[in-house]
1. Identify the residue in the stretch 349-375 that is part of a loop (DSSP other than H, G, I, E, B) and without any contact (Cβ under 8 Å) to a residue 40 or more places away in the chain and, among all such residues, is nearest to the chain's Cα centre (by Cα).
2. From the list Asp306, Asp311, which residue is at pLDDT below 95, surrounded by fewer than 20 Cβ atoms within 10 Å (Cβ to Cβ), under 24 Å from Gly265 (Cα atoms) and of a type in the set (Asp, Glu)?
3. So how many residues does the stretch 129-155 have that are surrounded by fewer than 19 Cβ atoms within 10 Å (Cβ to Cβ), within 25 Å of the chain's Cα centre (by Cα) and modelled with pLDDT under 95?
4. Of the residues in the stretch 106-128, how many are part of a loop (DSSP other than H, G, I, E, B) and either within 21 Å of Val61 (Cβ to Cβ) or of a type in the set (A, V, I, L, M, F, W, C) (or both)?
5. Check the stretch 89-105 and report whether any residue there is farther than 16 Å from Leu49 by Cβ, at pLDDT 95 or above, part of a strand (DSSP E or B) and in contact with a Lys or Arg (Cβ under 7 Å, 6 or more places away or on another chain).
6. Residue check: is Arg122 over 20 Å from the mean Cα position of the chain (by Cα) and either of a type in the set (Lys, Arg) or crowded, with 24+ Cβ neighbours inside 10 Å (or both)?
7. Whether any residue in the stretch 17-32 is among the hydroxyl-bearing types (Ser, Thr, Tyr), under 23 Å from Asn121 (Cα atoms) and either part of a loop (DSSP other than H, G, I, E, B) or touching a residue at least 40 places away in the same chain (Cβ under 8 Å) (or both) is what I want to check.
8. So which pairs qualify, if the first residue must be in the stretch 57-83 and over 13 Å from Tyr41 (Cα atoms), the second must be among the acidic types (Asp, Glu) and in a helix (DSSP H, G or I), the Cβ gap must be under 8 Å, and the two must be at least 6 apart or on different chains?
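The values are calculated or read from the model by the stated rules, or taken from the named source; none is laboratory data. If you're wondering where the values come from, they're calculated on a predicted model, not measured in any experiment. Quick reminder, even Gly has a Cβ in these numbers, built from the backbone with ideal geometry, and neighbours come from all protein chains shown.
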Amino acid sequence: MPHLSPPPLSLYVHLPWCVRKCPYCDFNSHEGRGPLPFDAYVDALIRDLDHDLPLVWGRTVHSVFFGGGTPSLFPPEAIDRFLQEASARLRFVPGCEVTLETNPGTAEHGRFELYREAGINRLSFGIQSFDDGSLRRLGRIHDSREAEAAVKLAQDAGLDNLNLDLMYALPEQTLAMAERDLERAFALRPAHISHYQLTLEPNTVFAARPPSGIPDEDHSWEMQEHCQALLADAGYAQYEVSAYARDGRRCAHNLNYWHYGDYLGIGAGAHGKITLPAVDDVPSARIFDAHARSAGPAETLAASGDRVDSDAAQDPGGIILRRWKQKHPARYIADAGTDAAIGGDDPVTPERRAFEYMLNALRLVDGFRLGEFIARTGLAADDIRPQLETAVERGWLEQDGNRLRPTELGRRFTNDVIALFL
């Protein structure tokens, strides 16, 4: 079996509070009540980072992403303090992409300059729609005027690498309304647009009480095709299922996810994925033991409440570890920096890696290279050859040398293509 090679490393930082939880949101977000403990939370983030550092000694961070919740609730000085502490512990690549998710309803005059001075060089605005009726139905705290004003404030502050999140197939939305949303976005000339369909996720208000007027599948598909054409005409090239960018402005952080890269997950409810390659044929369980400073995978998992057979981590080619943190902010703050803050550890067995890799890589318009698949999963090309041949025969994938990419038909049936690798 080939050995794993460490892929690029990113840092994800979860800031869990928001003003009001949206009825479609299934992220780990909590409505802030009273003053928020910004200083205590940043202290916890630093302790959390210190605890996970042995997993990534000597590696370079290629991107940082502050997600939430509503990260723009945090003052610039809190973001600055965390980035200063993180860069003292980790090597950041020159020009490292550092993104802050931003709610237009929390933007304040003058703050964007301070975020930029703190090290933020990319903003992702949760616009969702420029139609005030749609925004009310989505439970957003901003209106279209505030959305446009916030984007212009960021541009005036010297931030030009901006993403706008837009949804389609919204309650009572027509094709003309979806088109107007894009036209207003184009007028702001962002570098990147994320354009995705509203979905009713489990354990959300919308899942329990679906809103009326959601377009059916045919109308949703019509919106998708029409909007994709508008985005292309406006100079936004699609590179992933819901991501469109001007030349040179693809999101480096999300690309690392889709290429099955590694990421440290810091913060309440944050998830991470770390590759620990074998060294001179040392069993991966011992590598995990050395990095995690514990007696071994089984004991570590038992301490976090998730016991797994340690044989699951005895892959001679290395180990891929998924780790997540406790979700509740108060408990996370109390336990950060100790094993008690770990919600769970899950070594990804070789049997699961092909599916996990394809779940990400087949979202990309450019697909993937077989060499990258081998390096990042520790599997051989022959392990997936039957599935690839089936996908090519059905017209879902096309092969160009070492690269395989979804066809137009394959992009329409992404779930079916991915299911081949289960």
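1. The extreme case among them is Gly367.
2. Answer to the selection: Asp306.
3. Of the residues in that region, 2 qualify.
4. Adding up the residues that qualify gives 4.
5. yes
6. When the stated conditions are applied, Arg122 does not pass them.
7. Checked the stretch 17-32: no residue is among the hydroxyl-bearing types (Ser, Thr, Tyr), under 23 Å from Asn121 (Cα atoms) and either part of a loop (DSSP other than H, G, I, E, B) or touching a residue at least 40 places away in the same chain (Cβ under 8 Å) (or both).
8. Qualifying pairs under 8 Å: Pro76/Glu117; Asp80/Glu117.
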